[in-house]
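The values are calculated or read from the model by the stated rules, or taken from the named source; none is laboratory data. Since this is a predicted model, take the numbers as computed values, not measurements. Because the Cβ atoms are built from the backbone with ideal geometry, glycine has one as well, and the counts that use them run over all protein chains shown.
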Amino acid sequence: MTVVERVAGCCGELVLLRGGGHHEIVANGVFLMDTRGGTSERLHVTEAADRMPPPGRMLIGGLGVGFSLAAALAHPGVGEVHVVEREAAVLRWNRGPLAAVNGDALRDPRVHTYEADVVAWLADAPEGSLDAICLDVDNGPEWLVTPGNAWLYADDGLRTTTRVLSPGGVLAIWSAAPMPAFVARMAEHFDDVEVTEIPAARGEPDVVVVGRSPLR
């Protein structure tokens, strides 16, 4: 793999690599994502979009290589997408070398981007302002990229997401491994919690868990 760019990011060293017609993003020497597959990243948002109420205001926390955003924009139920990404380089890469693999998704007029930490962004978001929240900012609730993200998967974070979601709104979490303890906790705050496992090329399956906020 060839280094396209190496930057100092919020989480430490962030590297964009290219090789064999694909790109990879690595943080502090740990592989985060690449452009080889993307099935589970797309499913992450389409399962949420299938269940969310109108008008279809979606938050995507964690832009990655843009596969999830492209899938959201292709769904007929999505009216607007708020992308919260704390790494300026990831936003820039998605407007540059990664635009070819995600259909230049950030240029869609329905997209609003925020260079921000999703923990702080959600804490300040107005009540009932979103119909779906899709979080892919870690490798899972038990495999954090940043320790502060633990709040998202704890009771306080789950209570916050139910406040920010409209009645019947949807929370979707992506994980690189099964997360039974988190699923049980999520079921204490959300209705109709469903788990989907997506086979991976190697190792454990990717997992998407989706739940619906209570009607109120």
So, first residue under 16 Å from Val210 (Cβ atoms) in the range 60-78, second residue outside any loop (DSSP other than H, G, I, E, B) and charged (D, E, K, R), Cβ within less than 8 Å, six or more apart or across chains; the pairs are Ser68/Glu41; Ser68/Arg42; Ala71/Glu41; Ala71/Arg42; His75/Asp50; Gly77/Asp50
Given the criteria farther than 20 Å from Gly140 by Cα, within 12 Å of the chain's Cα centre (by Cα) and crowded, with 17+ Cβ neighbours inside 10 Å, does Ala48 qualify?
no
Only residues that are small (Gly, Ala, Ser), surrounded by 14 or more Cβ atoms within 10 Å (Cβ to Cβ) and out of contact with any helix residue (DSSP H, G or I) (no Cβ under 6 Å at 6 or more places or on another chain): list them for the range 97-107, please.
Ala99
Residue check: is Ala49 aliphatic (A, V, I, L, M) and in contact (Cβ under 8 Å) with a residue 24 or more places away in the chain?
yes
One residue is enough: does the range 190-197 have a residue meeting the conditions free of Cβ contacts under 8 Å to residues at least 60 places away in the same chain and more than 23 Å from Arg42 (Cα to Cα)?
no
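Looking at the structure I just gave you, is Arg110 surrounded by fewer than 23 Cβ atoms within 10 Å (Cβ to Cβ) and over 21 Å from Asn28 (Cα atoms)?
On the way: surrounded by fewer than 23 Cβ atoms within 10 Å (Cβ to Cβ): yes; over 21 Å from Asn28 (Cα atoms): yes.
For Arg110, the condition - surrounded by fewer than 23 Cβ atoms within 10 Å (Cβ to Cβ) and over 21 Å from Asn28 (Cα atoms) - is met.
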All positions within the range 63-81 that are out of contact with any Gly (no Cβ under 6 Å at 6 or more places or on another chain), among the small types (Gly, Ala, Ser) and modelled with pLDDT of 95 or more
Gly66, Ser68, Ala71, Ala72, Ala74
Can you pull out the residues in the range 51-61 that are surrounded by fewer than 24 Cβ atoms within 10 Å (Cβ to Cβ) and either at positive phi or not charged (D, E, K, R) (or both)?
Pro53, Pro54, Pro55, Gly56
Taking the range 165-216 and the residues there that are in contact with a Phe, Trp or Tyr (Cβ under 7 Å, 6 or more places away or on another chain) and in a loop (DSSP other than H, G, I, E, B), the one that is surrounded by the most Cβ atoms within 10 Å (Cβ to Cβ) would be Ser213
Scan of the range 113-139 for residues that are farther than 21 Å from Ala49 by Cβ and either buried (at least 17 other Cβ atoms within 10 Å of the Cβ) or of a type in the set (Phe, Trp, Tyr) (or both), ordered by number
Asp117, Val119, Asp138, Asn139
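Taking the conditions exactly as written (under 25 Å from Leu32 (Cβ atoms), modelled with pLDDT of 95 or more, surrounded by 15 or more Cβ atoms within 10 Å (Cβ to Cβ) and among the polar types (S, T, N, Q)), does Thr160 satisfy them or not? Quick ask: steps written out before the conclusion?
Values: under 25 Å from Leu32 (Cβ atoms): yes; modelled with pLDDT of 95 or more: yes; surrounded by 15 or more Cβ atoms within 10 Å (Cβ to Cβ): yes; among the polar types (S, T, N, Q): yes.
The answer is yes for Thr160.
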Residue set Glu80, Glu85; condition among the acidic types (Asp, Glu), under 22 Å from Trp121 (Cβ atoms) and crowded, with 19+ Cβ neighbours inside 10 Å; output residue Glu85
Exception for Ser40 within (1) crowded, with 20+ Cβ neighbours inside 10 Å; (2) assigned to a helix (DSSP H, G or I); (3) at pLDDT 95 or above falls at (3)
